[in-house]
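Since the structure comes first, as C-alpha cells, the remarks are kept for the end.
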Amino acid sequence: MRSLIFSDSHYNLEYLDKMIKEYKPDKIYGLGDYGASEIELDLRRVIGVRGNDPFDPQSYGYDYLDEIDGFRILFTHGHKYSVKYGRYRLGLRSRELNVDVCFYGHTHVVSIEEDKGIYFINPGSISLPSFPNFPTLIIMDSKPNLLDIKIIDAELNKVYKNIIIKK
C-alpha cells in the first residue's frame, strides 16, 4: 500500500496536487495547518488531523491512530505536545498508545528519530519549509511488517531521506 503524508500546507496545495498525481497514493494523511476547507481536503481524500491553524476543519481530531501492515501509527500535528520544545510529551503519548511510529508536523523541520523502539518522523512542510529550505512530504510504501518511508523534495521530485522500518 502507498501512503502520502504531508503537513503544514498553509493555503498552498500546489505541491500536494502534483505529488498525488505523480505517486497515486492509496491513502493520504494530513498533519494539520492546511489553510484549506474540509471540502477541498475531502476532494483529495485526505485523512486529517487538526493543527493550530484556526481554519483547519473542526470535525478533525487532534490525533489519529491507524494500523498499517502490522504497524500501529499515530498521526498528529504536534502543537498539543509542544514539539517545538522537544518530543518529551509526544513520546509519553506515543508510549501510552503503544505505537510503533508517530508522524507529526508543526515545526516545518524534517526529522527522523528513533527513541526506545518508537520512530518519530516529521515530513517538514509542503509549502513553508524551515529546514531543509525546499518543500517536503512523505511517500510511504508498506507491506506486512515493513515500512519504506521516503521524504521527498517536492520541487525536484527526488528522495531527500529514506528509512526502512521492519518488525
*Looking only at residues in the range 149-162 that are of a type outside the set (Phe, Trp, Tyr) and open to solvent by 30 Å² or more (accessible area, probe 1.4 Å), which one is nearest to Ile20 (Cα to Cα)?*
Asn157
*When residues of the range 108-139 are filtered for being part of a loop (DSSP other than H, G, I, E, B), more than 16 Å from Gly30 (Cβ to Cβ) and of a type in the set (S, T, N, Q), how many remain?*
2
*State the number of residues belonging to the range 1-43 that are in a helix (DSSP H, G or I) and crowded, with 24+ Cβ neighbours inside 10 Å.*
1
*Within the range 87-119, can you find the residues that are open to solvent by less than 40 Å² (accessible area, probe 1.4 Å), touching a residue at least 40 places away in the same chain (Cβ under 8 Å) and of a type outside the set (D, E, K, R)?*
Val101, Phe103, Tyr104, Gly105, His106, His108, Val110
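For the range 108-151, give me each residue that is of a type in the set (Ser, Thr, Tyr) and within 12 Å of the chain's Cα centre (by Cα).
Ser111, Ser125, Thr136
Please determine whether any residue of the range 85-95 is over 22 Å from Pro129 (Cα atoms), among the polar types (S, T, N, Q) and modelled with pLDDT of 95 or more.
So far as the range 85-95 goes, yes, one or more of its residues are over 22 Å from Pro129 (Cα atoms), among the polar types (S, T, N, Q) and modelled with pLDDT of 95 or more.
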*So Glu67, is it farther than 17 Å from Ile5 by Cα, of a type in the set (Asp, Glu), out of contact with any Gly (no Cβ under 9 Å at 6 or more places or on another chain) and open to solvent by 10 Å² or more (accessible area, probe 1.4 Å)*: no
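Would you be able to tell me the number of residues in the range 91-107 that are in contact with a Leu (Cβ under 9 Å, 6 or more places away or on another chain), of a type outside the set (Asp, Glu) and assigned to a loop (DSSP other than H, G, I, E, B)?
Pass one, the range 91-107, residues in contact with a Leu (Cβ under 9 Å, 6 or more places away or on another chain): 93-94, 97, 99-106.
Narrowing further to those that are of a type outside the set (Asp, Glu): 93-94, 97, 99, 101-106.
Within this subset, residues satisfying the condition of being assigned to a loop (DSSP other than H, G, I, E, B) are 97, 99, 105-106.
Qualifying residue count for the region: 4.
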*Restricting the range 44-64 to residues that are closer than 21 Å to Val109 by Cα and either among the small types (Gly, Ala, Ser) or touching a residue at least 40 places away in the same chain (Cβ under 8 Å) (or both), which is surrounded by the most Cβ atoms within 10 Å (Cβ to Cβ)?*
Gly51
*Hey, can you tell me all the residues within the range 51-70 that are under 22 Å from Leu16 (Cα atoms), over 12 Å from the mean Cα position of the chain (by Cα) and assigned to a loop (DSSP other than H, G, I, E, B)?*
Asn52, Asp53, Pro54, Phe55, Asp56, Pro57, Gln58, Ser59, Tyr60, Gly61, Tyr62
*Enumeration of residues in the range 71-90 that are in a loop (DSSP other than H, G, I, E, B) and more than 14 Å from the chain's Cα centre (by Cα)*: Ser82, Gly86, Arg87
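The values are calculated or read from the model by the stated rules, or taken from the named source; none is laboratory data. It should be emphasised that the depicted structure is a prediction, and the values quoted were computed from it without experimental measurement. So basically every Cβ, Gly included, is an ideal-geometry build from the backbone, and we count neighbours across all protein chains shown. To get the accessible areas, we keep the full protein, side chains included, count just its heavy atoms, and leave off ligands, DNA and RNA. Shrake-Rupley method; radii C 1.70, N 1.55, O 1.52, S 1.80 Å.
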